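Q: Shown below is the structure under consideration.
The values are calculated or read from the model by the stated rules, or taken from the named source; none is laboratory data. It should be emphasised that the depicted structure is a prediction, and the values quoted were computed from it without experimental measurement. Backbone-built Cβ (ideal geometry, glycine too); neighbour counts: all protein chains shown. Remember, those area values only see protein heavy atoms, side chains included, never the ligands or the DNA or RNA. Shrake-Rupley method; radii C 1.70, N 1.55, O 1.52, S 1.80 Å.
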Amino acid sequence: MKVIFLDIDGVLNSSSFFNRIFTEEGHCFVNNLLDQNALLNLKDLLWQTGAYIVISSTWRFDIDTLKKQFAPYGITIAGTTQIENIASNDFAISRSSEIQNFLETRPCFNSYVIIDDLNKMFFSEQQQCHLVSTDPKIGLTKQDVQKAIEILNKTE
(Lines give C-alpha, C1' and ligand atoms only; values in the text may rest on other atoms or scores of the structure.)
Protein backbone atom coordinates (compact mmCIF):
# COMPACT_ATOMS: atom_id res chain seq x y z
CA MET A 1 0.00 0.00 0.00
CA LYS A 2 1.07 3.57 -0.68
CA VAL A 3 1.07 6.44 1.78
CA ILE A 4 1.60 10.17 1.46
CA PHE A 5 2.96 11.92 4.55
CA LEU A 6 1.45 15.34 4.04
CA ASP A 7 2.45 18.67 5.49
CA ILE A 8 -0.08 21.49 4.98
CA ASP A 9 1.51 24.93 5.36
CA GLY A 10 3.74 25.59 2.36
CA VAL A 11 2.17 22.64 0.53
CA LEU A 12 -1.61 23.18 0.35
CA ASN A 13 -1.37 26.86 1.11
CA SER A 14 1.41 29.28 0.29
CA SER A 15 2.44 32.86 0.69
CA SER A 16 1.24 33.65 -2.86
CA PHE A 17 -2.13 32.04 -2.05
CA PHE A 18 -2.62 34.20 1.04
CA ASN A 19 -1.49 37.33 -0.83
CA ARG A 20 -4.01 36.57 -3.57
CA ILE A 21 -7.01 35.99 -1.31
CA PHE A 22 -6.28 39.09 0.75
CA THR A 23 -5.54 41.52 -2.07
CA GLU A 24 -7.32 40.33 -5.22
CA GLU A 25 -10.31 38.44 -3.90
CA GLY A 26 -10.77 40.28 -0.62
CA HIS A 27 -11.87 37.07 1.10
CA CYS A 28 -11.67 36.39 4.75
CA PHE A 29 -9.25 33.47 4.95
CA VAL A 30 -11.31 31.63 7.58
CA ASN A 31 -13.29 29.89 4.82
CA ASN A 32 -10.34 29.53 2.45
CA LEU A 33 -7.51 28.00 4.42
CA LEU A 34 -6.22 25.89 1.53
CA ASP A 35 -5.42 26.74 -2.07
CA GLN A 36 -7.88 25.21 -4.56
CA ASN A 37 -5.12 24.64 -7.13
CA ALA A 38 -2.97 22.74 -4.63
CA LEU A 39 -5.99 20.68 -3.54
CA LEU A 40 -6.74 19.78 -7.14
CA ASN A 41 -3.11 18.73 -7.59
CA LEU A 42 -3.35 16.58 -4.46
CA LYS A 43 -6.60 15.03 -5.70
CA ASP A 44 -4.86 14.19 -8.99
CA LEU A 45 -2.00 12.54 -7.10
CA LEU A 46 -4.44 10.43 -5.11
CA TRP A 47 -6.38 9.45 -8.21
CA GLN A 48 -3.24 8.38 -10.06
CA THR A 49 -1.70 6.42 -7.18
CA GLY A 50 -4.47 5.21 -4.87
CA ALA A 51 -2.30 6.34 -1.94
CA TYR A 52 -3.55 7.07 1.55
CA ILE A 53 -2.98 10.43 3.26
CA VAL A 54 -1.34 10.60 6.67
CA ILE A 55 -1.05 14.10 8.10
CA SER A 56 2.43 14.84 9.44
CA SER A 57 1.73 18.54 9.92
CA THR A 58 0.85 20.47 13.06
CA TRP A 59 -2.59 20.66 11.43
CA ARG A 60 -3.24 17.25 13.00
CA PHE A 61 -4.18 19.25 16.12
CA ASP A 62 -7.17 20.66 14.18
CA ILE A 63 -8.01 17.64 12.04
CA ASP A 64 -11.74 18.49 11.90
CA THR A 65 -11.04 21.79 10.14
CA LEU A 66 -8.74 20.01 7.73
CA LYS A 67 -11.38 17.36 6.97
CA LYS A 68 -13.89 20.14 6.20
CA GLN A 69 -11.43 21.76 3.80
CA PHE A 70 -10.80 18.39 2.06
CA ALA A 71 -14.43 17.24 1.86
CA PRO A 72 -15.50 19.23 -1.25
CA TYR A 73 -12.65 17.56 -3.16
CA GLY A 74 -13.45 14.04 -2.02
CA ILE A 75 -10.13 13.82 -0.19
CA THR A 76 -10.04 11.74 2.98
CA ILE A 77 -7.46 11.36 5.72
CA ALA A 78 -6.34 7.88 6.72
CA GLY A 79 -4.54 9.02 9.87
CA THR A 80 -1.88 11.17 11.45
CA THR A 81 1.61 10.61 12.72
CA GLN A 82 1.91 10.40 16.48
CA ILE A 83 3.51 13.21 18.42
CA GLU A 84 6.99 12.48 19.72
CA ASN A 85 8.29 13.88 23.00
CA ILE A 86 10.88 16.19 21.49
CA ALA A 87 11.37 19.86 22.31
CA SER A 88 9.03 22.08 20.31
CA ASN A 89 11.94 23.87 18.62
CA ASP A 90 12.96 20.52 17.13
CA PHE A 91 9.65 19.95 15.34
CA ALA A 92 11.39 19.11 12.08
CA ILE A 93 13.51 16.41 13.69
CA SER A 94 10.39 15.17 15.42
CA ARG A 95 8.51 14.97 12.11
CA SER A 96 11.20 12.71 10.66
CA SER A 97 11.11 10.36 13.65
CA GLU A 98 7.29 10.37 13.70
CA ILE A 99 7.24 9.26 10.05
CA GLN A 100 9.81 6.56 10.77
CA ASN A 101 7.77 5.31 13.74
CA PHE A 102 4.60 5.22 11.63
CA LEU A 103 6.30 3.12 8.94
CA GLU A 104 7.87 0.74 11.47
CA THR A 105 4.53 0.08 13.17
CA ARG A 106 2.59 -0.34 9.92
CA PRO A 107 4.53 -2.61 7.58
CA CYS A 108 1.56 -2.77 5.19
CA PHE A 109 2.77 0.55 3.75
CA ASN A 110 5.58 -0.48 1.42
CA SER A 111 5.69 2.69 -0.65
CA TYR A 112 5.72 6.24 0.65
CA VAL A 113 6.35 9.84 -0.23
CA ILE A 114 6.81 12.82 2.08
CA ILE A 115 5.39 16.08 0.75
CA ASP A 116 6.70 18.96 2.81
CA ASP A 117 8.16 22.43 2.42
CA LEU A 118 10.99 21.62 4.84
CA ASN A 119 14.50 21.29 3.49
CA LYS A 120 15.73 17.72 3.03
CA MET A 121 18.31 18.19 5.81
CA PHE A 122 15.45 17.84 8.33
CA PHE A 123 14.80 14.26 7.23
CA SER A 124 16.87 11.12 7.63
CA GLU A 125 19.12 10.07 4.78
CA GLN A 126 16.75 7.18 4.02
CA GLN A 127 13.75 9.52 3.92
CA GLN A 128 15.39 12.11 1.67
CA CYS A 129 14.88 10.00 -1.45
CA HIS A 130 11.16 9.87 -0.60
CA LEU A 131 10.84 13.65 -0.18
CA VAL A 132 9.07 16.07 -2.47
CA SER A 133 10.08 19.47 -1.15
CA THR A 134 7.60 22.14 -2.19
CA ASP A 135 8.33 25.82 -2.53
CA PRO A 136 6.40 27.50 0.33
CA LYS A 137 5.84 30.53 -1.86
CA ILE A 138 3.95 28.42 -4.43
CA GLY A 139 2.71 25.22 -2.77
CA LEU A 140 2.03 21.85 -4.42
CA THR A 141 2.50 22.03 -8.20
CA LYS A 142 1.88 19.62 -11.06
CA GLN A 143 5.65 19.04 -11.21
CA ASP A 144 5.64 18.10 -7.52
CA VAL A 145 2.81 15.66 -8.20
CA GLN A 146 4.80 14.04 -11.02
CA LYS A 147 7.82 13.63 -8.75
CA ALA A 148 5.61 12.11 -6.02
CA ILE A 149 4.13 9.64 -8.52
CA GLU A 150 7.63 8.60 -9.61
CA ILE A 151 8.69 8.06 -6.00
CA LEU A 152 5.58 6.05 -5.14
CA ASN A 153 5.89 3.88 -8.25
CA LYS A 154 9.66 3.35 -7.83
CA THR A 155 9.30 1.92 -4.34
CA GLU A 156 6.43 -0.49 -5.03
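Q: Roughly how much of Ser14 is accessible, in Å² to the nearest 10, using a 1.4 Å probe?
A: About 0 Å², rounded to the nearest 10.
Q: Now for a different question. Taking a threshold of 23 Å on the Cα-Cα distance, which of the pairs Lys120/Lys154; Lys68/Lys154; Lys68/Lys120 fall above it?
A: Lys68/Lys154; Lys68/Lys120
Q: Using R₀ = 30 Å, calculate the FRET efficiency as 1/(1 + (r/R₀)^6) where r is the Cβ-Cβ separation of Asn101 and Ser16; round to 0.05.
A: So the FRET efficiency works out to roughly 0.35.
Q: Residues with amide H under 5 Å of Asp117's amide H, sequence separation 5 or more or different chain, H placed in the peptide plane at 1.01 Å from N; which?
A: The list, which skips near neighbours in sequence, is Thr134.
Q: Using θ = phi - 60° and the Karplus curve 6.51 cos²θ - 1.76 cosθ + 1.60, what whole-Hz ³J(HN,Hα) does each residue of segment 137-147 get, with Gly and Pro shown as x?
A: 7, 10, x, 5, 10, 4, 5, 4, 4, 4, 5
Q: Just to check I understand the Karplus step: with θ = phi - 60° and J = 6.51 cos²θ - 1.76 cosθ + 1.60, what whole-Hz values come out for segment 118-131, glycine and proline as x?
A: 6, 5, 4, 4, 7, 10, 5, 4, 5, 6, 4, 7, 10, 9
Q: Count charges around Gly79 for me, please; just the other residues with Cβ under 11 Å from its Cβ, Lys/Arg as +1, Asp/Glu as -1.
A: The answer is +2.
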